[in-house]
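Where a number appears in this text, it was derived from the coordinates with a stated rule and is not lab data. Note that the coordinates shown come from a computational prediction; the quantities given were computed from them, not determined experimentally. Using ideal geometry, Cβ is built from the backbone for each residue, glycine included, and neighbour counts are taken over all protein chains shown.
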Amino acid sequence: MSLWDRSGIYYHYGTSYAERYYTIRNNTIGRRPIQRPLQSKVAVTMLALCTAVFLGTLDSTIVTTALPTITEHFNSASGYTWIGSAFLLANASTIPSWGKASDIFGRKPMLLLANVIFMIGSLVAALSNSVGLLVAARAVQGLGSGGLVIVNITIGDLFSLRTRGVFYGILGGVWASASSIGPITGGLLTQGASWRWCFWINLPLDGLAFIVLFFCLDIESPKTPLIEGLKAIDWIGSFLVIGATLMFLFGIQYGGETYPWSSANVICLITFGLLTFALFLLYEWKVPKYPIMDLGFLNSRTNIATLSTAFIHGLVFISGTYYLPLYFQAVRGATPIFSGIYLLPTALAASASSFAAGIFVRNHGTYLPPIYTGFLIMTVGFGLFVDLDAHSTWAKLIIYQIIAGVGFGALFQAPFIALQAHIYPRDIGVATTTLGFTRQMATSISVVMGQAVYQNAMTARTAELTTSLGPELAGELSGGGVGANVRAIDALPGYQREVVRNVLAESLQPMWVMYTVFSFVGVLTALFIQKKVLSVRHEETVTGLAAERQNAVERAAEREVKRAGKMAGRAVV
């Protein structure tokens with residue numbers, strides 16, 4: 001297979017960096033001609049990758065508009081958060097492991113495995129007869145969805161820094177399109193059939209994704225022996241990062257809802273989660289031969305700043321896609337179907353913005369303007385969400401969503417390019433999964449943080465609710481009870497329904513303020529990312545155990561050189 005780069009030169013996959021450089025230097029004398037129809041293979045490869053992203057995103061967002069109905073079905077106020085958090089938590093905690101596994105076994109086999117795991121989770125979710133089983137099934141889905149980070153790694157493998165902006169932009173547009181279709185589909189299925197069909201429908205869709213990936217994803221895969229490959233995986237590091245993630249997120253989930261924040265349960269979970277994560281970083285730095293998170297590329301201000309912006313982006317954007325449906329259904333009385341339709345301005349704006357950012361990166365060879373403008377516009381958009389109340393006009397709802405969507409849409413792919421521009425090609429898998437892990441951790445934390453803020457605001461208004469509704473009904477709706485009682489709000493008499501909707505809208509406002517502040521911090525953080533002109537030259541990443549061994553030797557040699565340099569510096573002093 002081959003690709004055509006922006007330089008106008010065709011390269012065979014597997015062509016060495018030296019050969020490609022020679023070709024560029026001698027382009028005036030002659031080229032290595034490759035027939036242009038081979039470009040069709042690039043198109044087919046992108047079709048396969050986009051199919052995986054589209055169906056994976058559709059599967060995850062299809063549940064958002066069904067959440068109030070699901071939590072009401074199981075009569076579980078905490079289910080609104082847990083059904084979403086279980087997916088995000090499992091997704092975030094397993095991303096580093098997926099990335100390293102794809103380095104060892106190849107991108108394509110791991111993408112197919114991730115697809116199968118997601119199908120199993122969907123089947124169990126569709127058959128769930130309790131909220132606990134459904135949460136467990138969502139965790140399995142999240143485990144499979146974590147493998148989608150391999151799509152971003154594959155793009156980095158195949159295309160030059162400057163060219164990949166377009167393809168990342170396409171993926172971002174596909175993500176946003178699926179995000180807009182998912183909630184509507186979920187609403188149609190929930191209202192017209194049953195919320196279980198939000199999971200049943202995944203089976204044929206994921207089957208289609210598996211077939212397309214299997215037959216159309218034409219990339220080289222190493223023939224790594226299974227036993228040797230499993231032995232090479234950093235299992236201790238994987239268990240440490242999963243354990244740290246689970247403990248920390250369980251702690252912030254339980255805090256203020258199941259247990260007081262001052263309780264030993266919450267304090268111990270959060271403390272031991274942070275300590276375990278510190279142990280994980282120390283272990284990855286010192287011990288494994290093939291670490292799932294190599295810390296060498298963090299010796300750069302730009303890389304740390306880029307990861308920080310990705311974390312902040314994850315904190316902010318997920319709140320819009322997660323809590324706007326709650327606003328539409330609980331405050332505006334929308335059905336699940338219309339709740340999904342009302343989210344279209346956000347998704348379509350994000351899709352267009354992501355693609356436009358990719359085109360900009362390709363044409364201008366820089367990633368900083370999309371990052372700067374993205375954070376600025378996102379800050380304005382989420383600041384405008386503070387203005388939403390029970391009677392906001394539809395013009396406001398549409399315009400505010402478009403502004404926010406344009407802002408966070410530009411930030412999906414630009415940080416990937418900024419990070420990849422400052423690392424060795426061999427580190428693309430580790431760096432990309434680290435950024436994906438960082439962003440997904442942020443989304444998991446964000447859902448809980450948003451829940452805590454609006455629940456506390458609702459609790460503070462309990463007296464007002466009690467006066468209008470009586471103590472029993474006020475107790476059901478205060479705190480986090482709204483998510484599980486959306487239909488009950490619609491059934492209230494006019495005056496009482498108006499009071500509840502006003503209280504909920506006002507309780508969401510401090511949550512939007514929090515996310516606006518986070519977004520502005522992102523603006524400041526982005527200033528620390530250094531500019532680098534993006535090259536049109538590209539060195540293909542090679543996967544497999546042989547490549548991993550070579551990479552380990554190179555990293556060890558680099559550490560030795562740095563150590564010798566420090567010792568020489570001390571000797572001079």
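Odds and ends about this structure:
- Comparing Gln253, Pro222, Ile233 along the charge dipole axis of segment 188-265, the residue lying farthest to the positive side is Gln253, per the Cβ-charge model.
- At full extension, Ile267 and Thr459 could sit 66.9 nm farther apart than now, given 0.36 nm per residue minus the alpha carbon distance.
- With the charge dipole of the chain set up from +1 on Lys and Arg Cβ and -1 on Asp and Glu Cβ about the Cα centre, the Cα lying farthest toward the positive end among the listed residues Ser102, Gly156, Ala491 is that of Gly156.
- Using Cβ point charges alone (K and R +1, D and E -1), the dipole size of the chain about the Cα centre works out to roughly 1900 debye.
- Percent of Cα pairs in segment 234-289 per distance bin of 5 Å, from zero to the largest separation: 4, 23, 25, 17, 12, 9, 6, 2, 0.
- Annotation: the residues Leu213, Leu282, Leu419, Leu473, sorted from fewest to most other C-beta atoms within 10 Å of their own C-beta, follow the order Leu282, Leu473, Leu213, Leu419.
- When peptides 193-203, 339-349, 89-99 are ranked by their average number of other Cβ atoms within 10 Å per residue, the highest-first order is 89-99, 339-349, 193-203.
- For segment 339-357, the residues whose amide N sits under 20 Å from a probe point set 7 Å from the Cα of Ile398 along the beta carbon direction are 339-353.
- Ordered from longest to shortest, the equivalent ellipsoid semi-axes for the chain are 42, 26, 23 Å, each the square root of 5 times a Cα gyration tensor eigenvalue.
- Every Cα-Cα pair in segment 282-327 was counted, and those over 12 Å apart are 70% of them.
- Ala488/Phe528 FRET efficiency (R0 30 Å; Cβ-Cβ; nearest 0.05): 0.05
- Available extension along the chain between Asn502 and Leu123 is 132.5 nm, counting 0.36 nm per residue and deducting the alpha carbon span.
- Over all other residues within a Cβ to Cβ distance under 13 Å of Pro109, the charged ones net out to +1, with Lys and Arg as +1 and Asp and Glu as -1.
- Selected from Met458, Ala86, Thr393, residue furthest toward positive end of dipole (the chain; charges at beta carbon): Ala86
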